[in-house]
Amino acid sequence: MPDAPGLELIRGAIEQDNPGAVLDTGFEHGCASLAIDPEQLLAVLGWLRDAPGQGYRFLSSLHAADYLPAEPRFAVHYELLNRDRVERLRVKALLADPAAAVAERTDSAAVGVEAGGPAGGAVAPFSTPPTPRQPQRDGDEGQLLPEIDSCVELFPTAEFQEREAFDFFGIVFRGHPDLRRILLPDDYVGWPQRRDFPVGGEPVTFTYNERNYG
Amino acid sequence: MAEAAGIKASMAGASSAGGVGSGGPRTEAQPPPAGPPEPTTGPVAESTEVMTVNIGPHHPATHGVLRLVVDLEGEVVRDLKPVIGYVHTGIEKSCEDKSYWKVIPFVERMDYVSYFFQMEAFCGAVERLIELEIPPRAKYLRTIFLELNRIHSHLVWLGTTALDLGAISMLWYCFRERERILDLFEMAAGQRMHTRYFQVGGVIEDIPRGFEQKLRSFVEDMPVRVGQYQALLDRNEVFLSRTKGTGIVSRERLLELGVTGPLLRAAGEPWDLRKAFDYLAYPEMDFKIPVGTVGDNYDRYRVRVAEMVESTRIIEQALDALPEGPFIAEDRKYVLPPRSELSTSMESLIHHFKLVTEGYRVGPGELYYAIESPRGELGCFVLADGSAKPSRVHFRDPSFVNLQAFRDMSVGSYIADMICSLGMLDPILGGVDR
């Protein structure tokens, strides 16, 4: 891992070319992390990969996380690895939820519906069967999704992992060659790994329970 | 098409010969394997129609519920798309609803062949988050069980992959040894699979009396057995012509695709997290990293087989150096008190009650911890929000990432070689889909 001063050096070097790219640095449990502005993601990742003396050429893992009460809410984590120096560095791109921002502007009462999306928030598992099951993308049914640039060009390994982050968090990766759901069915509605998506909130398509116990 | 007919004939030979011991001492005299055919440059075949064939999800050669949409031109694979998600069970989401110690049996069930590795990735991540040091005996015991599990996983791989290539008896031999490993797991943990043996802080119980002798006799036998497997396969004509020179992907491309583990090492890259990072008792162990030269399917086979022998060496050393002392940390805030204390100590009873009902809280923080699983880098990302349940548990599963290299391994080769490449890729679909 780069130590805390090393991390500040990296931050300084990035700031030279891309002012404002690094929002914060963190050093906890022996892990170094850079929180960056998502708009400058590709510049930062490209610099860390190619700049002399950096050489974070291996993307170990890409995953998303939802820090729900916090704002900005989402983050995409890039676990970079320098295999020569055996150093790991986490780059965190923080993403705000555009749906929440819209809801706040229009009507505070609508927050619960808008932010959670059609399947999130207060969903009643058995009461309403899912009527139109359509593949949902950004803009569909009025839900706005957070967007970030895809890093598949820089790290081809990100292809499946970005699809996974899209599948479970509804984060749209701009420029991804084939952004579809990967583990869930194509007609699934909702982003199940978001923190406001209830466990067991999957509407069951059998009508027996509803008829007899609903 | 003439070549294709030849391949068919050799496949027929594979099934009739039973695949084992059918070769003579012909290994060295064999001509170098012909590369994949290139019908586009040769004489134009009568029909160049591309046919899309769906393989799986319920096909025995896909090693699980993997679906492959393959574009075929004759018998040559022109394009390929893996379709996954058939055994997605939402384990990562379910983990968010469980207290930390209840997550362990969940994550074990992702990659159901290398369950100890999942446990270690998760427990190790949580231990680093709460900065809990595990006692030396626990480190050694974990190392022993991880390496046993690595042998077990490679045995399952070897048996099933050889089965795909027609060597049926390999499956029985491999599963015979696997049975001995499962017996050892049962002896120590009470379960043959999904043992829930690793706990945050150490292991749940010390190894029982008689375990060491049994393990030692296994460790003595295993290199001999591996030699027997090699004697069966290394001179098997069908196995050799099916594996040599097929499924080659360059080392640079593998690294771009994020491939790790035996696949990467077979291409000549000596990258192993057990050597690179400091975890458990690996820094004290003396072992080698087997690497290949060409990166074809044969190298993948050789690397994994050599890894089994290295694993037995690690187990042997860990047994010799197994330190005395506690097998789980003494910190009562995170570790259950011994059962005997409950009837005498009020404090132990309180700790026990707290741990079993609410569980322990983990301060806010996030951590990515990666270990070398039989398939490559197995990473666990844990996000803690200060409560007794993790806010997110994510596994970077090596099968999931390695599967992206499958297209590169197969395009331009025969469909029979594709099946071989898939076996050598060794994906576990439970881990891919989670």
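No value in this document is a laboratory result; all are computed from the given coordinates. The structure presented is a predicted model; accordingly, all values stated were derived computationally and were not measured. For neighbour counting, all protein chains shown are included, and Cβ atoms are generated from backbone atoms with ideal geometry for every residue, glycine included.
Miscellaneous remarks
- Summed residue charge, Cβ within 14 Å of B:LEU349's Cβ, Lys/Arg positive, Asp/Glu negative: +1
- Footprinting exposure proxy for B:PHE145, A:PHE173, B:PHE353 (fewest neighbouring C-beta atoms within 10 Å first): B:PHE353, A:PHE173, B:PHE145
- Residue-by-residue Karplus 3J(HN,Hα) for the range B:315-323, coefficients 6.51, -1.76, 1.60, Hz, glycine and proline x: 4, 4, 5, 5, 5, 4, 9, 4, x
- Neighbours of B:VAL50, meaning other residues whose beta-carbon lies under 13 angstrom from its beta-carbon, give a summed charge of -4 when Lys and Arg score +1 and Asp and Glu score -1.
- Which listed pairs, of B:LYS102/B:LYS288; A:LYS92/B:LYS333; B:LYS98/B:LYS288; A:LYS92/B:LYS288; A:LYS92/B:LYS98, have C-alpha distances above 29 Å, in listed order: B:LYS102/B:LYS288; A:LYS92/B:LYS333; B:LYS98/B:LYS288; A:LYS92/B:LYS288
- Rounded if a/c under 1.5, otherwise prolate or oblate - the range A:4-95, Cα gyration tensor axes: prolate
- Taking every alpha-carbon pair in chain B and binning the separations at 10 Å intervals from zero gives 4, 21, 29, 24, 13, 6, 2, 0, 0 percent.
- Springs between Cα atoms under 10 Å define the GNM used for chain B, and in it the highest mean-square fluctuation of B:TRP172, B:TRP157, B:TRP101 occurs at B:TRP172.
- With an a/c value of 1.5 or above and a/b not larger than b/c for the gyration tensor axes a ≥ b ≥ c computed over the alpha-carbon atoms, the range B:84-170 is described as oblate.
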